[in-house]
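The block underneath contains the structure these notes are about, expressed in structure tokens.
The values are calculated or read from the model by the stated rules, or taken from the named source; none is laboratory data. The shown structure was predicted, so the numbers you read here are calculated from the model rather than taken from an experiment. Cβ placement follows ideal geometry from the backbone for every residue including glycine, while neighbour counts extend to all protein chains displayed.
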Amino acid sequence: MLTRRTALMGAAIAALMMTAPAIAETADELNLPREKVTLVAPPAVHPHDQATKSGPKIVEFKLTIREKEVVIDSAGTKFWAMTYDGSMPGPMMVLHEGDYMELTLVNPETNSMPHNIDLHSATGGLGGGALTKVNPGEQVKLRWKATRPGVFVYHCAPEGMIPWHVVSGMHGTVMVLPRDGLKDGAGRSLHYDKIYYIGENDLYVPKDENGKYKTYETLGESYADTTEVMRKLIPTHVVFNGSVGSLTGKNAMTAKVGETVLIVHSQANRDTRPHLIGGHGDYVWETGKFNNPPEKDLETWFVRGGSAGAALYTFREPGIYAYVNHNLIEAVELGAAAHFKVEGKWNDDLMKQVTPPSPVPPDKVGAADPVAVTR
Amino acid sequence: MLMLMKIKIAMLAGALAAPALATVLTPPTQVDPEGISRLAPASFSYRAAGDFSRSGKPVEGPLRRLGLPADLFVMKRQVTVAEYDRCVEEGACPRVGFQSGRRDVPIVGVSWHDASTYAAWISLKTGVTHRLPTDEEWTFAAAEKARDEALPVVDPADPAQAWIARYEAESNRSKPAETAPQPGGTFGTNSKGLDDLAGNIWEWTNTCFIRASLEGNREQVTNTNCGVRVVEGAHRAYMTDFVRDPKSGGCAAGVPPTNLGFRLIVERPGAAVADAFRKAVKLLRRA
């Protein structure tokens, strides 16, 4: 069993072995304006400018790590999650190319494990992972410069147990916007009326000999069994935003006909293939990096494990849209499905039911026996 | 075996008692010690199951006043794991999953085929015809527990409005707090003395999915799909007959049936109650 004490000891040894560079108070040397951002839980994204005329600034963020038991499906299956700010995925953090992110990572005393953060958007230091390891009761401040525009995954990367932390929920996305905003590939500006951030998570929940999902007293106790399931590479759940059905029903995402929505989709561990049933991707940055021209009119886009992608779509027809991982087994059987509820006026030109379901005419192939039942 | 003999005796007792119960003055329900309830005829309101249209436009199924022509003998409780397992042990019923290890709780994770197989097996064992109820019979037996959920009908001329309203209505369905099967009686007894209707188990019926058009009081069935049967519980659902584990997900919204189980109707030996009932239903519809 992995106790808090042994975990802490491991961290202490690791810290001794790594002669960490002194973290100087560098903020003021830059002498740039500062902005403090309050983060919000996905699928929402904190307010931000899509383009900016002002010069670079230092954008301050704070992530608090929370280890907690969560329920991941409607059957009440419990699971020990590790999270940034309490949500799976962690919040999206938005800034502009040329800005600096100053990130405070807090590991409260109530947690049991050391954690850190590897930001794919950052350069050097294992994405920040080498400089951000914090034990329970510690916090760290990291500054990095946003040099490349795009959507990028961030995740926890503690030595020896990276995948466990990641598939337990410790991942999120940074969006670095070009200073002059998104472009269509021909230099024309693109805007969105709404943005939704969907973080997909493959989960590996151990089962007992009767096939029932196991529960554990502590996070540490779940480690060995969970790793065993992980090594077989077959997830028990594949979910959006932490649990099966988290973005459906009363929590379905919403839009109106004519509204343009930017859908950012991340998967920190495993490949996925988002698809909007009944819609398309008008402009899609499949690899998520805005210096590449977006692809147009996509039906399904591929998001590589360890990356985020972005799709821009203007809804043209009202109704319910399912947004799925188009490995439909993962969508329907394992949980990777969300819904959009879109209000507006139906457009017959785009679709019309010309004839409702009715019997195949008697003389045609496939007709039923000509017995009309009247009662 | 003991249980089966008891059912036989119970049925015999039921048959003997029948004449005395055939008047309006008798209490509506009698339960024998082995759990077959006898429901006296009474009129009830029934929303026809299936997809209906009038003048090419989708409409709710017609609401009808029906009456039972004779007593209905129905299990007070759902078929239990212990009961179903006897059929499995004799090699007649397939072993199904989703078992918690408890034997005193209703069997769940059964398809319409499994339930029908069990009914055929127990009929053979007892010499008394057991069968799944029709949706009409279930609704009658469920009484106040039957829910007439009038969901908005999606109009193909403007599918979105009703579709969204329907999505919202389905999303508002409450989930049972407990999903695992519970011992009989956990979800209460209805006014007809039957247990656990509309609890966390949905029950198979024999009623097939139909598509029908309405003209005045007449109904023309244009398609009957018996590969899809009506299941009844906290809300009505249509389920492919080989499904054992209902779920939503993907494009579907709302709360699906939590578990699939069943209870059976017992027909009195020699009495063609069901036939009479079906005939009567047809007569009533024309009225």
Check your understanding: From the set of residues in region A:313-328 that are surrounded by fewer than 21 Cβ atoms within 10 Å (Cβ to Cβ) and more than 10 Å from chain B (Cβ to nearest Cβ), which is nearest to residue B:167 (Cα to Cα)?
Key -> A:316
Point to revise | Output for region A:230-259, where each listed residue is assigned to a helix (DSSP H, G or I) and more than 22 Å from the chain's Cα centre (by Cα) | key: A:231
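With the condition kept exactly as written, say whether any residue in region A:113-122 is surrounded by 17 or more Cβ atoms within 10 Å (Cβ to Cβ), in contact with a Cys (Cβ under 8 Å, 6 or more places away or on another chain) and assigned to a loop (DSSP other than H, G, I, E, B). Reasoning before the result, please.
Step one: filter region A:113-122 for residues surrounded by 17 or more Cβ atoms within 10 Å (Cβ to Cβ), giving A:113-122.
Subsequent filtering for residues that are in contact with a Cys (Cβ under 8 Å, 6 or more places away or on another chain) retains A:115-118.
Next, only the ones that are assigned to a loop (DSSP other than H, G, I, E, B) stay: A:116-117.
For region A:113-122, residues surrounded by 17 or more Cβ atoms within 10 Å (Cβ to Cβ), in contact with a Cys (Cβ under 8 Å, 6 or more places away or on another chain) and assigned to a loop (DSSP other than H, G, I, E, B): present.
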Practice item. Tally the residues that are within 14 Å of chain B (Cβ to nearest Cβ), of a type in the set (Val, Ile, Thr) and farther than 24 Å from residue A:70 by Cα, restricting the search to region A:242-283. Key: 3
Exercise for review: Kindly indicate which of B:131, B:77 is surrounded by fewer than 22 Cβ atoms within 10 Å (Cβ to Cβ), closer than 23 Å to residue B:185 by Cα and either β-branched (Val, Ile, Thr) or touching a helix residue (DSSP H, G or I) at 6+ places or on another chain (Cβ under 8 Å) (or both).
Suggested key: B:131
Practice item. Kindly indicate whether any position in region B:49-64 is aliphatic (A, V, I, L, M), in a loop (DSSP other than H, G, I, E, B) and within 30 Å of residue B:158 (Cα to Cα). Key: yes
Check your understanding: Is it fair to say residue A:331 is within 28 Å of residue A:182 (Cα to Cα), within 17 Å of the chain's Cα centre (by Cα) and either of a type in the set (Gly, Ala, Ser) or not assigned by TED's automatic domain parsing to the domain that holds residue A:242 (or both)?
Key -> no
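For every residue, the table says whether it meets (1) at pLDDT 95 or above; (2) surrounded by fewer than 22 Cβ atoms within 10 Å (Cβ to Cβ); (3) within 21 Å of residue B:184 (Cα to Cα).
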{"site": "B:89", "(1), (2), (3)": "yes, yes, no"}
{"site": "B:102", "(1), (2), (3)": "no, yes, yes"}
{"site": "B:115", "(1), (2), (3)": "yes, no, yes"}
{"site": "B:122", "(1), (2), (3)": "yes, no, yes"}
Review point. So is residue A:196 at pLDDT 95 or above, in contact with a strand residue (DSSP E or B) (Cβ under 8 Å, 6 or more places away or on another chain), of a type in the set (Ser, Thr, Tyr) and farther than 17 Å from residue A:101 by Cβ or not?
Key: yes
Check your understanding: In region B:206-234, which residues are within 15 Å of residue B:60 (Cα to Cα) and not small (Gly, Ala, Ser)?
Key -> B:209, B:210, B:211, B:214, B:215, B:217, B:218, B:219, B:220, B:221
Practice item. Return yes or no: is residue A:288 buried (at least 23 other Cβ atoms within 10 Å of the Cβ), within 14 Å of chain B (Cβ to nearest Cβ) and assigned to a loop (DSSP other than H, G, I, E, B)? Key: no
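Does residue A:110 fit the bill of being farther than 25 Å from residue A:270 by Cβ and not in a strand (DSSP E or B)? Spell out how you get there, then give the answer.
Values: farther than 25 Å from residue A:270 by Cβ: yes; not in a strand (DSSP E or B): yes.
Judged against the criteria, residue A:110 is a match.
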Revision key, fill the gap. Scanning region A:182-205 for residues that are surrounded by fewer than 18 Cβ atoms within 10 Å (Cβ to Cβ) and either at negative phi or without any contact (Cβ under 8 Å) to a residue 60 or more places away in the chain (or both) gives A:183, A:184, A:186, A:187, A:188, A:189, A:190, A:191, A:193, A:194
